[in-house]
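Shown next, in structure tokens, is the structure this report addresses.
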Amino acid sequence: MKIEYIDNLRGIGIMLIVLGHTSSPFSNYVYQFHVPLFFFISGYLFNSAYFDNPIRFINKRINRLYLKYIYFGVTFILLHNIFFKLNIYNISYNADATSIQLYNLKDTIIEILKTIIFRNREQLLGGFWFIPALFLMESLYCLVGAVSLQLKKTYNFKIYLLPIILIFFFLGNIISNFDVRLPYYLNIVFAQILFFYMGVLYRKNEERIHFNFYSALLISIVLVFTSLYFNVDVSNNNHYSDKLPFAIALILFPFVALSGIYILIYIARNITNKYISIFFQYVGRNTLFILGVHFISFKIVSYLIILNYDLPLKLMSNFPYIDSIGLKCWWPLYWFVGLFVPLIIKFLFDKRYFFFNKTKIVDID
């Protein structure tokens, strides 16, 4: 039951991530909690037995996260010039024009090396900032837990993790507020580790927490109003809405995010239809692939828009979608294609219809 509903939860979460990357009118709503949800899930799945052997845990995450980050990163770098020729990248129309240019051999090697050390990623892998952030967050939490455990064993000195986590949370957010960007997404690691820890605590106290329809409904309504005044762009250096003073937004954010997570857990736990559950579980087991492929899938819709309105082909390079007046109504199709095209491709990989694929690309856990 636990794993099934967690897969449901991940499935719902990645659907909201894709939705948030469109021009959907619901983007502000889901931005309140969709990224913290995945840190929360990772905390829920963390096994504290690794405090005894943090190196083993880090090695495991290298295989499960880092190598897949490299796989996607290098693949998209090698396809960079092809994307350029197809107008998916274009200097004139691309929002990130300074970094969009044809690569020569030297550029390709440099970009691959940057990818290997978590220092760069292709624009079409925009959502992949999450991978190094999660890897470093999990490693940091495991190391802090390991030190705490050793101090307790050696000196009978107990360290409580919550105060340390709160220090990281405030430090990361305050640094971000001054627009200081630490290397390796450490701003995000520090600022979001609180939700990872909340996932750990939820796993320990899961049976004591009760979920009901009326609470979820009330919270949903409250979050509609908070979304009018508050949102946070985690990937943009934890940028909070300018409509509220920073101190208020900082205190409000954990409560808003955890409230959204409560709603999603309630929904995930109450998916009882067998076939709907199978669908969400399949989506939830393939979040990494969807995260990596949904932006390039958006280009299918951009091309259809160009054909329909007789627009310049160079508009294909608008990222993540064609953001012109009168065209934002296309967001449902962007969402649908951004979700289902990766799922179809992944299904074909799993069925080995592509002969060169011998290893499945599995999800983050």
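Close contacts from the stretch 255-269, counting a first residue that is closer than 15 Å to Ser227 by Cα and of a type in the set (Lys, Arg) and a second that is at pLDDT 95 or above and outside any helix (DSSP H, G or I), with Cβ to Cβ under 9 Å and a gap of 6+ residues or different chains, come to none at all. When Thr22 is tested against (1) polar (S, T, N, Q); (2) closer than 16 Å to Tyr202 by Cα; (3) in contact (Cβ under 8 Å) with a residue 24 or more places away in the chain, only condition (2) is not met.
Select from the stretch 27-56 the residues that are surrounded by fewer than 21 Cβ atoms within 10 Å (Cβ to Cβ) and either in contact with a Pro (Cβ under 8 Å, 6 or more places away or on another chain) or aliphatic (A, V, I, L, M) (or both) and list them in ascending order. Result: Leu45, Ala49, Ile55.
Looking across the stretch 263-286, just one residue is of a type in the set (A, V, I, L, M, F, W, C), in contact with a Gly (Cβ under 8 Å, 6 or more places away or on another chain) and either farther than 15 Å from Ile14 by Cα or surrounded by fewer than 17 Cβ atoms within 10 Å (Cβ to Cβ) (or both), and that is Phe279. Collect the residues in the stretch 318-331 that are touching a residue at least 24 places away in the same chain (Cβ under 8 Å), part of a helix (DSSP H, G or I) and out of contact with any helix residue (DSSP H, G or I) (no Cβ under 9 Å at 6 or more places or on another chain), keeping them in residue-number order. Within the stretch 318-331, just Lys328 meets the criteria. If only residues of the stretch 180-196 that are within 13 Å of Ile261 (Cβ to Cβ) and touching a Leu at 6+ places or on another chain (Cβ under 8 Å) are counted, the one that is surrounded by the most Cβ atoms within 10 Å (Cβ to Cβ) is Phe195.
Among the residues of the stretch 285-302, none qualifies, meaning not one is assigned to a loop (DSSP other than H, G, I, E, B) and more than 24 Å from Val35 (Cβ to Cβ). With respect to the conditions (1) touching a Leu at 6+ places or on another chain (Cβ under 9 Å); (2) farther than 22 Å from Ile62 by Cβ; (3) free of Cβ contacts under 8 Å to residues at least 40 places away in the same chain, Phe170 lacks only one, and its number is (3). Among residues belonging to the stretch 111-160 that are part of a helix (DSSP H, G or I) and among the β-branched types (Val, Ile, Thr), point out the one that is surrounded by the most Cβ atoms within 10 Å (Cβ to Cβ). That would be Ile131.
The values are calculated or read from the model by the stated rules, or taken from the named source; none is laboratory data. All of these numbers come straight from a predicted model, not from anything done at the bench. Using ideal geometry, Cβ is built from the backbone for each residue, glycine included, and neighbour counts are taken over all protein chains shown.
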